[in-house]
Amino acid sequence: MPDILNRGKISVLMPFKNEEAFIGDTLLSVLSQSYRDWEIIAVDDHSTDSSPDIVKKWVLADHRIQYYLNRGRGILDALQTAQSKMSGDWVTRMDGDDLMGPGRFEEQLQLLVDSGPRCIATGKVKYFSDKKLGGGFRRYEEWLNNLCKNGTHFEEIYKECVIPSPSWLMRTEEFRKINGFKNLEYPEDYDFVFRLYQHHFKIVSTDDIVLLWRDHPGRASRNLAQYADQTFFELKWKRFLQLDYSPSHPLILWGAGPKGKKLAGYILRSEVPFSWISGNVKKLGKDIYGVKILSEDSIVEFADPQIIIAISSPEMLSKLRPKMEKFHHTYYFC
């Protein structure tokens with residue numbers, strides 16, 4: 001791709017903490033990129049192992065790598081510290097335990113140049129681990145890669161985070177205009193995607209694997225309290241109210257199992273009126289949290305509703321999806 005070789009510097013924002021076992025390989029995966037004009041802003045979130053020493057050795061070996069100590073504490077402060085130090089024309093994020101796919105920078109730069117402004121480039125991911133990966137990882141990987149294939153990221157945004165944080169690239173000017181990593185809430189990678197959604201960015205994807213995503217016992221998502229609740233309903237509901245809720249459309253919550261009940265709690269605390277539907281005949285007519293559970297057939301009584309789906313069973317969800325195609329405002333929180 002000779003026309004892409006002089007498109008400006010890429011800033012790689014890389015917070016890390018206690019990644020001595022992996023960070024050398026992570027840095028090497030960046031150094032191995034065919035596109036050479038980049039900088040790594042490595043921000044140490046007060047590590048207690050040898051990972052800072054490893055990074056500092058790389059700093060001495062390559063002027064494009066910079067080391068900074070987090071000015072605060074935690075991932076949000078580390079990202080903002082990195083953001084304050086970057087000088088590139090393009091920006092991406094990398095975690096200290098993952099690997100970049102070969103040729104990622106060239107592929108994503110070409111996508112952005114071809115696609116024009118207000119775009120963010122991503123691509124396929126692949127999980128790997130020293131131990132056997134569970135089925136949940138493979139299902140999440142398959143789901144993410146299908147989003148790239150079909151271009152349906154924002155259609156599924158209330159289900160899970162639709163762009164892994166170490167997989168994207170965008171223009172620095174546009175990153176700054178939407179405040180980058182400032183004023184995000186946990187989980188910060190998911191909230192950043194909501195910010196892209198809010199500002200109507202287009203997501204463009206390469207068919208290649210751009211991220212080799214390592215699973216290991218020390219991953220932040222396995223250990224930090226902020227990630228203990230994997231439904232992230234608090235963030236989802238807050239962003240739904242901000243970005244999609246319309247009082248002119250009746251709101252329906254579909255699902256009265258554990259997920260439905262949990263989400264109903266957030267809705268009730270927000271004092272937003274809603275009707276509650278369940279496909280479980282044993283719950284029909286029952287009063288839960290002061291709301292009567294209605295049957296699926298009652299949906300015809302609502303004119304152009306907003307429907308939030310919150311069910312746990314994949315089988316029930318697959319049966320429900322075709323029924324939802326005729327409704328214009330359906331949001332999957334599952």
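The values are calculated or read from the model by the stated rules, or taken from the named source; none is laboratory data. What you are looking at is a predicted structure, and each value in this text was computed from that prediction instead of being measured. Because the Cβ atoms are built from the backbone with ideal geometry, glycine has one as well, and the counts that use them run over all protein chains shown.
Table for the structure above
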read-out: Residue among Ile65, Ile54 that alone is touching a helix residue (DSSP H, G or I) at 6+ places or on another chain (Cβ under 6 Å) and within 21 Å of Pro102 (Cβ to Cβ); value: Ile65
read-out: Yes/no for Leu112 being in the same structural domain as Val162 (by TED's automatic domain parsing) and touching a His at 6+ places or on another chain (Cβ under 6 Å); value: no
read-out: Matching entry among Asp114, Asp130, Asp97 (being in a loop (DSSP other than H, G, I, E, B), of a type in the set (Asp, Glu) and surrounded by fewer than 17 Cβ atoms within 10 Å (Cβ to Cβ)); value: Asp130
read-out: Selection count, the range 281-298, where residues are surrounded by 15 or more Cβ atoms within 10 Å (Cβ to Cβ) and part of a loop (DSSP other than H, G, I, E, B); value: 1
read-out: Total residues in the range 231-280, condition in contact with a helix residue (DSSP H, G or I) (Cβ under 7 Å, 6 or more places away or on another chain), β-branched (Val, Ile, Thr) and in a loop (DSSP other than H, G, I, E, B); value: 1
read-out: Filter pass, Pro102 being within 22 Å of Val210 (Cβ to Cβ), modelled with pLDDT under 95 and either touching a helix residue (DSSP H, G or I) at 6+ places or on another chain (Cβ under 8 Å) or assigned by TED's automatic domain parsing to the domain that holds Glu173 (or both); value: yes
read-out: Candidates Leu294, Leu253, Leu317 - the one that is of a type in the set (A, V, I, L, M, F, W, C) and touching an Asp or Glu at 6+ places or on another chain (Cβ under 9 Å); value: Leu294
read-out: Flag if Val91 is among the β-branched types (Val, Ile, Thr) and part of a strand (DSSP E or B); value: yes
read-out: Residue within the range 269-290 that is under 29 Å from Tyr186 (Cβ atoms) and in contact with a Phe, Trp or Tyr (Cβ under 6 Å, 6 or more places away or on another chain) present; value: no
read-out: In the range 1-28, residue surrounded by the fewest Cβ atoms within 10 Å (Cβ to Cβ) [restricted to those that are at pLDDT below 95 and assigned to a loop (DSSP other than H, G, I, E, B)]; value: Asn6
read-out: Total residues in the range 312-334, condition in a loop (DSSP other than H, G, I, E, B), modelled with pLDDT of 95 or more and buried (at least 18 other Cβ atoms within 10 Å of the Cβ); value: 1
read-out: Identity of the residue in the range 176-191, of a type in the set (A, V, I, L, M, F, W, C) and surrounded by fewer than 21 Cβ atoms within 10 Å (Cβ to Cβ), that ends up farthest from Arg118 (Cα to Cα); value: Leu184
read-out: Any hit, the range 29-37, residues being over 16 Å from Arg104 (Cβ atoms) and either surrounded by 18 or more Cβ atoms within 10 Å (Cβ to Cβ) or not assigned by TED's automatic domain parsing to the domain that holds Asp89 (or both); value: no
read-out: The range 193-215 residues that are among the basic types (Lys, Arg), paired with ones that are crowded, with 21+ Cβ neighbours inside 10 Å and part of a strand (DSSP E or B) (beta carbon under 9 Å, 6 or more apart); value: Lys202/Ile120; Arg214/Leu99
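Residues checked against (1) in contact (Cβ under 8 Å) with a residue 24 or more places away in the chain; (2) farther than 22 Å from Met170 by Cα:
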{"site": "Glu20", "(1), (2)": "yes, yes"}
{"site": "Thr26", "(1), (2)": "yes, no"}
{"site": "Val30", "(1), (2)": "yes, no"}
{"site": "Val59", "(1), (2)": "no, yes"}
{"site": "Val91", "(1), (2)": "yes, no"}
{"site": "Asp95", "(1), (2)": "yes, no"}
{"site": "Met100", "(1), (2)": "yes, no"}
{"site": "Gly116", "(1), (2)": "no, no"}
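Residues are listed down the side, and each one gets a yes or a no for (1) assigned by TED's automatic domain parsing to the domain that holds His153; (2) modelled with pLDDT under 95; (3) surrounded by 20 or more Cβ atoms within 10 Å (Cβ to Cβ); (4) within 27 Å of Leu28 (Cα to Cα):
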residue	(1), (2), (3), (4)
Gln198	yes, no, no, no
Val210	yes, no, yes, yes
Gly218	yes, yes, no, yes
Pro247	no, no, no, no
Pro250	no, no, no, no
Gly255	no, no, yes, no
